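The values are calculated or read from the model by the stated rules, or taken from the named source; none is laboratory data. These numbers were taken from a predicted model, which means no experiment stands behind them. Here the Cβ positions follow ideal geometry from the backbone for every residue, glycine too, while neighbour counts run over all protein chains shown. Protein only, heavy atoms only, side chains kept; ligands, DNA and RNA dropped before computing areas. Shrake-Rupley method; radii C 1.70, N 1.55, O 1.52, S 1.80 Å.
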Amino acid sequence: MNLHRLAWHNAERDESELHDSLVLALLDSGETVMLQDRNRDYIFVANLPDVWKLPAESPPTDENLFGKDLSGRLAELKKDMGAAGSRGMLEVGAGNDRVFQFHVHSTLNQMNQMVMKTTIREVTAERRREQLLRSLLREVSHRSKNLLAIIQSLAGQTARFSLTKDDFLRKFRGRLHALAQSQDLITDSDWRGARIFELLRQQFDLYVPEYPNLIHMEGENLLLNPNGALYIGLAFHELVVNTVSHSGNLAYHPQISLQCRQEGEFYIVEWNEPMTPSKEPVEARRRQFWQRRAGKSGSLRSGRKRRI
């Protein structure tokens, strides 16, 4: 090994001074380094992780350092590392779900003697990040499939109540946009969900931005889970579009009330929209659409007062 390519020291200085300084630097670094000779007898051990302990009265060996099982795995790793330049790695679990990597490297020292160097590196944080990433990817896959199922349902429902292709495209695009807006709120909350008042305000700001006081919300601003937020966001989209489409001049529209309260095990969302005078028959202004109540699915009935 050409050490002069990796480091330099003043040859006029005492090597024992260099040795002491290097050992102190190694101890301060916290890096675990273990040296064994060709007979696997330990020469040096520094910064052993706290899950293992150096023996008090006997020289260290793999077995009295790491126990029978791990020492057997290390022996299996080291048995084929008799040639200089050989390398191997072993990843092991330790107490409290900690994970360590043993990196073993055979090399020659300055006296041309075989030395086996082992470094130990803790990778617990990296493995936990990887596990979290895998969980997030599974969650994204699950939510993507759920979104596709919702879109498929929207397409089928929209097609059943559309008379022309243009009518279908107009309604379907609006519902997709409402779905995307609800999804934005969910994403902004780090996938915790969305507040029910924000879902409704989002739709009003899109379709009725010039009349911010048309809606009055009161009660508990419930945090809906991601799946519930998508369905309730779509329901609010239908309600707001229905108001815009069939209420004439919104400047004279009475204020709409949204009341949210807990009743037993159910969370009640009540939409109260006073009917405005119109030459069009009341029945012609009524529209049905699907809706879901938190914790229970069902259909909304048309009328002055609606419960989700």
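Here is a yes/no grid of residues against (1) over 19 Å from Ser106 (Cβ atoms); (2) touching a residue at least 12 places away in the same chain (Cβ under 8 Å):
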| position | (1), (2) |
| --- | --- |
| Val33 | no, yes |
| Leu54 | yes, no |
| Pro59 | yes, yes |
| Ala75 | no, yes |
| Asp80 | no, no |
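Would you confirm, using the coordinates I've provided, whether Leu22 is in a helix (DSSP H, G or I), closer than 16 Å to Lys117 by Cβ, hydrophobic (A, V, I, L, M, F, W, C) and open to solvent by 50 Å² or more (accessible area, probe 1.4 Å)?
Yes, satisfied.
Yes/no per residue for (1) open to solvent by 70 Å² or more (accessible area, probe 1.4 Å); (2) modelled with pLDDT of 95 or more; (3) under 26 Å from the mean Cα position of the chain (by Cα); (4) within 30 Å of Tyr42 (Cα to Cα):
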site	(1), (2), (3), (4)
His105	no, no, no, yes
Asn109	no, no, no, yes
Met114	no, no, no, yes
Lys117	yes, no, no, yes
Leu133	yes, no, yes, no
Leu136	yes, no, yes, no
Leu147	no, no, yes, no
Leu163	yes, no, no, no
Gln183	no, no, yes, no
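Provide a single number: the residues in the range 91-103 that are open to solvent by 60 Å² or more (accessible area, probe 1.4 Å) and in contact with a helix residue (DSSP H, G or I) (Cβ under 8 Å, 6 or more places away or on another chain).
Of the residues in the range 91-103, 1 are open to solvent by 60 Å² or more (accessible area, probe 1.4 Å) and in contact with a helix residue (DSSP H, G or I) (Cβ under 8 Å, 6 or more places away or on another chain).
State which residue is modelled with the lowest pLDDT when the search covers only the range 251-272 and only residues that are open to solvent by less than 70 Å² (accessible area, probe 1.4 Å) and hydroxyl-bearing (Ser, Thr, Tyr).
This residue is Tyr267.
For (1) open to solvent by less than 90 Å² (accessible area, probe 1.4 Å); (2) polar (S, T, N, Q), each residue gets a yes or a no:
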{"position": "Met34", "(1), (2)": "yes, no"}
{"position": "Phe44", "(1), (2)": "yes, no"}
{"position": "Pro55", "(1), (2)": "yes, no"}
{"position": "Thr61", "(1), (2)": "yes, yes"}
{"position": "Lys68", "(1), (2)": "no, no"}
{"position": "Arg73", "(1), (2)": "no, no"}
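Could you grab me the full set of residues in the range 225-241 that are under 9 Å from Leu200 (Cβ atoms) and not aliphatic (A, V, I, L, M)?
Passing the criteria: Gly233, Phe236.
Working only within the range 165-181, note down all residues that are of a type in the set (A, V, I, L, M, F, W, C) and surrounded by 18 or more Cβ atoms within 10 Å (Cβ to Cβ).
Ala178, Leu179
Are any residues in the range 211-236 surrounded by fewer than 19 Cβ atoms within 10 Å (Cβ to Cβ) and in contact with a Ser or Thr (Cβ under 6 Å, 6 or more places away or on another chain), and if so, which ones?
His216
Picking from Gly88, Gly82, which residue would you name as being under 21 Å from Pro49 (Cα atoms), among the small types (Gly, Ala, Ser) and either more than 30 Å from the chain's Cα centre (by Cα) or exposed (fewer than 13 other Cβ atoms within 10 Å of the Cβ) (or both)?
The match here is Gly88.
Which of (1) outside any loop (DSSP other than H, G, I, E, B); (2) over 25 Å from Gly193 (Cα atoms); (3) modelled with pLDDT under 90; (4) of a type outside the set (A, V, I, L, M, F, W, C) does Gln291 not meet, given it meets every other one?
Failed condition: (2).
Tell me, please, whether a residue that is part of a helix (DSSP H, G or I), of a type in the set (Lys, Arg), within 28 Å of Leu147 (Cα to Cα) and open to solvent by 20 Å² or more (accessible area, probe 1.4 Å) can be found in the range 194-210.
yes
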